[in-house]
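Before I ask anything, let me first share the structure, which is written out below as structure tokens.
The values are calculated or read from the model by the stated rules, or taken from the named source; none is laboratory data. Just so you know, these numbers come straight off a predicted model, no measurement behind them. Positions of Cβ are backbone-derived with ideal geometry, glycine not excepted, and every protein chain shown enters the neighbour counts.
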Amino acid sequence: MAGLRTAEGARRAGYTGPITFLGAEAHAPYNRPPLSKELLQTEGQGHADVAFPIRSALEEGVTWVLGRAAVSLDTARTVVVDDAGDEHPYSALVIATGLRPKPLPIDDHGLGGIHVLRTLDDAVALREVLRPGANVVILGSGFVGCEIAATAAKNGATVSVVTQSRVPLLRAVGPLLGAEIRRRHEEHGVRFFTGESLFGLVGDPAVERVILTSGVMLECDVLVVAVGSDPNIEWLADSGLDVSDGVLVDGGLRAVGVDGRVNPDVFAVGDVARYPNPLFDDVARRVEHWNLPTETGKRAGQLIAAHLAGEDCEPLAAAGFAPLPSFWSDQYDAHLLAFGMTYLADRSELVAGSPDDECVVEFYRGDDLVGVCGIGMRSAVQAYRTRFATPALQ
């Protein structure tokens, strides 16, 4: 998505030259949020149901090289090498390699029945085994884990969530809303094993039971690992870029080297990009919220078009990049919507409604509002969008 939005942004800003998409997946860009919801529970859905439309501006002058992963970047020679050994020269490079799920934290002993969810193919494989009556154990209680739990429970599976957190979604929505999300899951039969992780697996040839660190043993036909993600940056190890946690970029999304110099022809967008957001502070962070691939793509597209036109990009880059992060999640009949960086908060406050129905919670770091999240009450939450602008950006 981030790569596609960057290409669209460059075209919109006046770039009319050739564009090459190099992607490890065999599929053209598609929407990921439905993978843990509609696509996971609707038999027969596939790429056509989640694919992004390719707009007319990208119908010509575009080459798709799919099913090929980038393996190295040489910024001196301005080429990317893929896993087939082919070289792809560039005038401007967009790093949009995103994330991959963290692996199972213990030895899987080669057992089957263990799943992650990031790609379309992951979702299709998981859908095949989320059958009524299946014993599903989900390791992790973030958004992916909770959304899969809701989908599996609605499919009639027996669902157990194993998590080190005391409530689900603790980092994202805090203890009050996290406790309410747990209550709603438990109403649908989901069991939570908190303060726990996996100690071992039993089965042959596929997992049949999991042993928790407390010694509890759970029946398990399907084990879903949802304990977070890592940025896909290994291919950049010898590139000279700062990839200590994703790709460090400046306010123009231009990649910064380990020597602190900006690479004017290399950009990073989406989940893999790390940048400061002056709406909050000057700390460079990767932010994985769903709207940021679009925001970073639009921004990078502007800079790329200007760079390739030979224009001075410094004024635009110096203007700063201050998108308002947003996320949403549907679990059963609960619709969560949030703006800001709720996880920066040191306190939260219920300001409207009731958690067991609909409500709005504000998140503060000291006296500064850093986030808002609601269950329902969408218009009330939307009204907060203008409250995050700092005086320097107004």
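Please verify whether LEU73 is in a strand (DSSP E or B), outside the structural domain of PRO175 (by TED's automatic domain parsing), in contact (Cβ under 8 Å) with a residue 24 or more places away in the chain and of a type outside the set (S, T, N, Q), treating the condition exactly as stated.
Taking the combined requirement at face value, the residue satisfies it.
Of everything in the stretch 267-301 that's crowded, with 21+ Cβ neighbours inside 10 Å and of a type in the set (Ser, Thr, Tyr), which residue is farthest from the chain's Cα centre (by Cα)?
Out of the qualifying residues, it is TYR275.
Follow-up. How many residues does the stretch 253-308 hold that are in a strand (DSSP E or B) and among the hydroxyl-bearing types (Ser, Thr, Tyr)?
Summing the residues that are in a strand (DSSP E or B) and among the hydroxyl-bearing types (Ser, Thr, Tyr) in the stretch 253-308 gives 1.
How many of the residues making up the stretch 313-343 are farther than 25 Å from ASP250 by Cβ and among the charged types (D, E, K, R)?
Here the count works out to 2.
Among the residues that make up the stretch 166-175, is at least one of them surrounded by fewer than 24 Cβ atoms within 10 Å (Cβ to Cβ), farther than 26 Å from ILE106 by Cα and assigned by TED's automatic domain parsing to the domain that holds GLY113?
Scanning the stretch 166-175, I find at least one residue that is surrounded by fewer than 24 Cβ atoms within 10 Å (Cβ to Cβ), farther than 26 Å from ILE106 by Cα and assigned by TED's automatic domain parsing to the domain that holds GLY113, so the answer is yes.
Okay, moving on. Mind listing whichever residues of the stretch 12-63 are without any contact (Cβ under 8 Å) to a residue 40 or more places away in the chain and farther than 23 Å from THR119 by Cα?
Correct list: SER56, GLU59, GLU60.
Residues in the stretch 197-220: is at least one farther than 30 Å from ARG77 by Cα and aromatic (Phe, Trp, Tyr)?
yes
While we're here: Can you name every residue in the stretch 241-252 that is touching a strand residue (DSSP E or B) at 6+ places or on another chain (Cβ under 6 Å) and not in a loop (DSSP other than H, G, I, E, B)?
Within the stretch 241-252, LEU241, GLY246, VAL247, LEU248, VAL249 qualify.
Which residue pairs have Cβ atoms closer than 8 Å, lie 6 or more positions apart in sequence or on different chains, and pair a first residue in the stretch 121-134 that is farther than 12 Å from VAL159 by Cβ and in the same structural domain as THR151 (by TED's automatic domain parsing) with a second residue that is surrounded by 15 or more Cβ atoms within 10 Å (Cβ to Cβ) and β-branched (Val, Ile, Thr)?
Qualifying pairs under 8 Å: ASP122/VAL116; LEU126/ILE148; LEU126/VAL222; LEU126/VAL224; VAL129/VAL222.
What residue, among those in the stretch 350-364 that are under 24 Å from the mean Cα position of the chain (by Cα) and free of Cβ contacts under 8 Å to residues at least 40 places away in the same chain, is nearest to LEU177 (Cα to Cα)?
VAL360
Given LEU99, LEU58, LEU93, which one is touching a Pro at 6+ places or on another chain (Cβ under 7 Å), under 29 Å from GLN302 (Cα atoms) and not aromatic (Phe, Trp, Tyr)?
After applying the criteria, what remains is LEU99.
Would it be correct to say that ARG5 is surrounded by 14 or more Cβ atoms within 10 Å (Cβ to Cβ), basic (Lys, Arg) and touching a Gly at 6+ places or on another chain (Cβ under 6 Å)?
yes
Go through the residues of the stretch 326-338 one by one and say whether even a single one is under 30 Å from LEU40 (Cβ atoms), among the charged types (D, E, K, R) and in contact (Cβ under 8 Å) with a residue 40 or more places away in the chain.
Looking through the stretch 326-338, at least one residue is under 30 Å from LEU40 (Cβ atoms), among the charged types (D, E, K, R) and in contact (Cβ under 8 Å) with a residue 40 or more places away in the chain.
Kindly indicate whether ALA48 is out of contact with any helix residue (DSSP H, G or I) (no Cβ under 9 Å at 6 or more places or on another chain), under 13 Å from LEU120 (Cβ atoms) and buried (at least 16 other Cβ atoms within 10 Å of the Cβ).
no
Somewhere in the stretch 314-322, is a residue touching a residue at least 60 places away in the same chain (Cβ under 8 Å), outside any helix (DSSP H, G or I), within 24 Å of LEU170 (Cα to Cα) and among the aliphatic types (A, V, I, L, M)?
No, that holds for no residue.
Right, here's the next one. Where in the stretch 1-62 are there helices (runs of 4 or more DSSP H), lying wholly inside it, with at least 1 residues that are within 28 Å of ALA84 (Cα to Cα) and modelled with pLDDT of 95 or more?
2-12, 47-50
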